[in-house]
1. Determine if region B:263-273 includes at least one residue that is surrounded by 21 or more Cβ atoms within 10 Å (Cβ to Cβ) and either over 30 Å from residue A:73 (Cβ atoms) or within 14 Å of chain A (Cβ to nearest Cβ) (or both).
2. Just checking, does region B:345-353 include any residue being closer than 24 Å to residue A:65 by Cβ, assigned by TED's automatic domain parsing to the domain that holds residue B:439 and open to solvent by 40 Å² or more (accessible area, probe 1.4 Å)?
3. Residue by residue through region B:140-154, note down the ones that are among the aliphatic types (A, V, I, L, M) and open to solvent by 20 Å² or more (accessible area, probe 1.4 Å).
4. Do you know which of the residues in region B:577-602 that are touching a residue at least 40 places away in the same chain (Cβ under 8 Å) and assigned to a loop (DSSP other than H, G, I, E, B) is most open to solvent (accessible area, probe 1.4 Å)?
5. Tally time: how many residues in region B:337-350 are assigned to a helix (DSSP H, G or I), within 19 Å of residue B:411 (Cα to Cα) and in contact (Cβ under 8 Å) with a residue 40 or more places away in the chain?
6. Do the conditions hold for residue A:38, that is, is it open to solvent by 20 Å² or more (accessible area, probe 1.4 Å), more than 8 Å from chain B (Cβ to nearest Cβ) and more than 17 Å from residue B:315 (Cβ to Cβ)?
7. Going through B:77, B:100, B:71 one at a time, which residue ends up being surrounded by 23 or more Cβ atoms within 10 Å (Cβ to Cβ) and either part of a helix (DSSP H, G or I) or within 14 Å of chain A (Cβ to nearest Cβ) (or both)?
8. Of everything in region A:67-77, what is more than 7 Å from chain B (Cβ to nearest Cβ) and either in a loop (DSSP other than H, G, I, E, B) or closer than 23 Å to residue B:196 by Cα (or both)? Give them in sequence order.
Amino acid sequence: MSEALVLEPAVATADTVADIIDLGLLSARRIGARGTIVRVHAPDDELERRLLELGFVEGARVEILQEGLFGRDPIAVKLDDMRVALRRREAAAIQVRFDHAGASA
Amino acid sequence: MTDTALAPARLALVGNPNTGKTALFNALTGSRQKVANYAGVTVERKEGVLTTPSGRVIHVLDLPGTYSLRARSPDEAVTRDAVLGRLAGETPPDVIVCVADATNLRLVLRLALELKQVGRPFVLALNMYDIAQRQGLRIDLEGLSREIGAPIVTTVATRKRGIEELVAQAEALAGSMPMGENVWHEPSAEEIRQAHSEAQRILRAYVRPPERPDTLTSRIDNVLLQPVAGLLILSAIMFVIFQAVFSWATPVADGIDTGFVLLGELVGRVVTNELLRSLLVDGLIAGVGSVLVFLPQIIIVFFFILLLEDSGYMARAAFLLDRLMGVAGLHGRAFIPLLSSHACAIPGIMSARVIDQKHDRLTTILIAPLMTCSARLPVYTLIISALIPSRVYWGFINLQGLVMFGLYAAGLISGLVVAFVIRRVFWRTASEPFMMELPTYKAPEARNVLLNLWQRVVIFMNRAGRIILPLMILVWALSTFPYPPEGATGPAIDYSFAGLIGHFIQPLLAPIGFNWQMSIALIPGMAAREVAVATLGTIYSVGDVEGAGGAVLQHIVGSQWSLATGLSFLAWYVFAPQCVATLGVVKRETNGWTWPSVMFVYMVTLAYLAALGTYRGAVALGWG
């Protein structure tokens with residue numbers, strides 16, 4: 001994939017954009033964003049372990065279901081087959097490779 | 001073998017939250033349960049007893065739910081220590097039952113892997129198995145059992161299915177399995193990751209995902225978690241609870257009240273010795289009555305809590321309110337205790353146990369008595385109707401109503417400010433991350449609700465009642481002894497200890513505009529806030545304040561108190577801890593006199609400052 005980008009850097013059409021890896025923090029996204037967790041890392045080791053214990057682990061699927069009314073916080077997410085509520089502050093420890101809207105299933 | 005077979009065995013239930021663990025506990029032990037606290041901590045200890053078909057007695061311990069043995073809260077520490085067999089004052093369990101929601105196995109498998117390290121024999125109970133089957137979830141029970149090294153029993157706790165088999169399995173293990181070596185240690189982040197991939201591997205190998213996964217919960221959540229609609233629905237639910245606690249409880253509470261007054265009259269007619277009669281009627285019977293009178297509200301509050309918890313809605317409410325309550329440094333679940341406290345702080349403080357985190361819970365308990373409870377209303381009504389003119393502004397705002405509203409708002413706002421100060425000044429570092437599972441919606445089970453409701457009643461009567469009743473009798477004794485001397489002309493209370501204390505503290509209360517009658521009324525008023533009104537009636541010798549005496553008292557207050565004094569009295573009642581029952585229940589809920597003392601001191605301080613400011617301000621405005 002990175003090879004393709006190196007070969008044709010100037011002609012990034014809609015199709016190739018879809019192939020670019022859309023990495024981001026769970027805390028920065030809005031309702032409907034979904035993807036696969038690639039990294040869980042908090043400066044506070046305790047928080048990292050708590051997130052892991054609740055199932056926020058590399059490889060798990062996440063999707064933002066709802067946001068709170070005030071400051072769009074906290075968020076309710078679907079995490080594999082369960083649902084979890086957490087604040088965006090804690091969600092900032094979760095890095096996700098988001099499914100791109102244009103990507104084929 | 002026969003000897004050991006009949007020796008009592010100990011079973012401990014461990015599992016993630018929301019797996020129906022308590023329902024399984026109820027199915028195992030029925031009503032043979034005892035609720036107390038673990039030694040030295042405020043964590044609730046639930047133990048039950050069952051007898052197996054072979055005649056062996058089994059003690060079952062329902063441990064607090066957890067995702068890991070790596071404990072973070074006092075509740076989880078209890079679970080960890082009980083499982084490891086090192087909980088002070090507890091006999092280690094012979095067998096552990098790991099309770100799992102069969103439709104949500106991922107996290108519990110990781111917990112089971114931790115239990116395996118402990119080396120104690122355990123059984124995996126796949127609960128809610130009927131739902132798993134309905135969803136078309138396939139589990140290779142034999143393979144899974146081999147993999148985790150423990151027998152598996154499928155159960156449906158709410159229908160009592162699989163219970164006999166679970167008991168049989170546990171009993172077999174208790175008799176035969178040798179204790180393995182304990183190699184458990186607190187897992188690092190890396191080890192948790194490894195355990196997750198191990199659980200994932202097991203899941204892939206032995207569990208086929210459901211053919212018809214549950215979509216109901218998602219569909220309900222689309223509405224209930226929706227920011228605006230969700231909050232509106234939550235407001236409606238809160239309104240119903242508020243109404244119920246306020247109006248449904250009142251007739252029953254009044255009935256209890258009347259019943260005890262009648263009982264008192266009856267006993268009063270039989271007993272002729274005046275001291276004995278006063279002790280029985282005014283001390284004991286009135287005291288027991290004043291404890292029982294809280295029951296209707298407690299039952300209603302906990303009825304709603306159980307419905308909200310068991311249905312899965314409580315976590316949603318906490319989600320919706322997290323940001324709003326968070327402004328004041330409170331947990332989203334604090335809405336239940338604060339709402340209930342508007343009826344009475346007793347059920348409010350008891351219900352603060354819906355909050356797991358220690359600091360969040362203590363903050364809520366500390367501010368609960370600032371909410372305007374119904375016992376303040378007789379005091380507010382007396383002062384307002386006596387001293388505030390019934391003037392109407394802009395055609396619809398009545399000045400008396402406005403003052404009443406102001407008193408409610410003062411209680412609520414000052415409570416939130418106190419919470420804010422506690423969290424920002426005293427417990428700054430204790431901010432807990434907000435992370436919780438939103439469980440699958442379920443219809444609450446009538447049996448479970450009733451059983452748990454009954455436990456609340458027993459706990460209140462047993463524990464809180466034992467503190468409240470002696471305090472009530474103490475207040476009675478202070479207001480009764482010593483008797484007035486022969487030929488005394490003033491009211492009897494003037495000569496009692498309460499009178500002495502009242503006269504003694506009067507110089508302290510003079511700067512806030514209190515006369516000696518008010519100072520004395522504060523002492524019996526410790527039994528309950530509204531008692532102050534009756535005491536004022538006694539001191540001013542107006543007769544029954546609930547009958548014709550009420551109007552007379554109102555007239556006396558209106559003509560003898562200045563407006564500044566009346567307003568100062570109102571300000572005092574917004575803040576003052578004029579209720580020994582509240583202090584007693586805080587003692588019970590926090591396991592010691594530290595927090596009731598803190599509460600008493602901070603509330604008296606606020607009350608004095610508020611009354612002082614109000615009085616001085618009013619005098620400056622020429623209302624003295």
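1. The first filter runs over region B:263-273 and keeps only residues surrounded by 21 or more Cβ atoms within 10 Å (Cβ to Cβ), leaving none.
Looking through region B:263-273, none of the residues is surrounded by 21 or more Cβ atoms within 10 Å (Cβ to Cβ) and either over 30 Å from residue A:73 (Cβ atoms) or within 14 Å of chain A (Cβ to nearest Cβ) (or both).
2. Residues of region B:345-353 closer than 24 Å to residue A:65 by Cβ: none.
No - not one qualifying residue is present in region B:345-353.
3. Step one: filter region B:140-154 for residues among the aliphatic types (A, V, I, L, M), giving B:141, B:144, B:148, B:150, B:152-153.
Listed by number, the residues that qualify are B:141, B:152.
4. At the first step, the residues of region B:577-602 found to be touching a residue at least 40 places away in the same chain (Cβ under 8 Å) are B:577-591, B:595, B:598-599, B:602.
So of that shortlist, the ones also assigned to a loop (DSSP other than H, G, I, E, B) come out as B:577-579, B:591.
Values: B:577: 11, B:578: 6, B:579: 18, B:591: 72 Å².
So, considering only residues that are touching a residue at least 40 places away in the same chain (Cβ under 8 Å) and assigned to a loop (DSSP other than H, G, I, E, B), the one most open to solvent (accessible area, probe 1.4 Å) is B:591.
5. First, pick out the residues of region B:337-350 that are assigned to a helix (DSSP H, G or I): B:337-341, B:345-350.
Going one step further and asking which of them are within 19 Å of residue B:411 (Cα to Cα), we end up with B:337-341, B:345-349.
When the remaining residues are screened for being in contact (Cβ under 8 Å) with a residue 40 or more places away in the chain, the result is B:338-340, B:345-349.
Result for region B:337-350: 8.
6. Working: open to solvent by 20 Å² or more (accessible area, probe 1.4 Å): yes; more than 8 Å from chain B (Cβ to nearest Cβ): yes; more than 17 Å from residue B:315 (Cβ to Cβ): yes.
The answer is yes for residue A:38.
7. Details: B:77 fails: surrounded by 23 or more Cβ atoms within 10 Å (Cβ to Cβ); B:71 fails: surrounded by 23 or more Cβ atoms within 10 Å (Cβ to Cβ).
Matching residue, one of B:77, B:100, B:71: B:100.
8. Step one: list which residues in region A:67-77 are more than 7 Å from chain B (Cβ to nearest Cβ), which gives A:72, A:75, A:77.
Passing the criteria: A:72, A:77.
The values are calculated or read from the model by the stated rules, or taken from the named source; none is laboratory data. Here the structure is a predicted model, which means the values were calculated and not measured. Glycine also receives a Cβ, built like all others from the backbone with ideal geometry; neighbour counts cover every protein chain displayed. SASA here: full protein model, heavy atoms, side chains in, ligands and nucleic acids out. Shrake-Rupley method; radii C 1.70, N 1.55, O 1.52, S 1.80 Å.
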